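Since every read-out is calculated from the coordinates, none of them should be taken as a lab result. Predicted model, so just to flag it, every value in this text is computed and none were measured. All Cβ positions, even for glycine, are placed from backbone atoms using ideal geometry, and neighbour counts span all protein chains on display.
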Amino acid sequence: MSTSFGGAYGDYEWEITGRTLRVIARGRGVLKEFGPVFVTTDEQAQYAAQGRIDPNREELEALRRGQSPASGDP
């Protein structure tokens, strides 16, 4: 049985399906996938998403703008 959760945090939407967290930007689609994520409740899912988004915010923002995170190129 696969469990799914979803929500929004800051400028991003997120979904957890199975053990994979997908961070999504409106108009750009999936920016990045993280795994494994182990959650069983909505509250755990929200904290897990925040815990992956916060330390990766610069990279996610670069991806949202369509830039390569490493080079900063448009």
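Around residue 48, under 15 Å between beta carbons, what's the net of Lys plus Arg minus Asp minus Glu among the other residues?
-2
What is the fewest-to-most order of 16, 53, 24 by other Cβ atoms lying within 10 Å of their Cβ?
With the sparsest Cβ surroundings first, the list reads 24, 53, 16.
What does the convex hull of the alpha-carbon atoms of the chain project to on average, in nm²?
With every direction weighted equally, the projected area is 4.8 nm².
Quick one: net charge around residue 6, please, counting Lys, Arg +1 and Asp, Glu -1 for every other residue with C-beta under 12 Å from its C-beta.
Within the 12 Å Cβ shell, the charges total -2.
Karplus couplings for segment 37-45 from phi (6.51 cos²θ - 1.76 cosθ + 1.60, θ = phi - 60°), rounded to Hz, Gly and Pro as x?
10, 10, 9, 10, 10, 4, 5, 4, 5
How do 63, 21 rank when sorted from fewest to most other Cβ atoms within 10 Å of their own Cβ?
Taking fewest neighbouring Cβ atoms as first place, the list is 63, 21.
Output wanted: per-residue J couplings in Hz (rounded whole) for segment 8-13, from phi through Karplus 6.51 cos²θ - 1.76 cosθ + 1.60, θ = phi - 60°, x for Gly and Pro.
My calculation for segment 8-13 gives 9, 8, x, 7, 10, 9 Hz in order.
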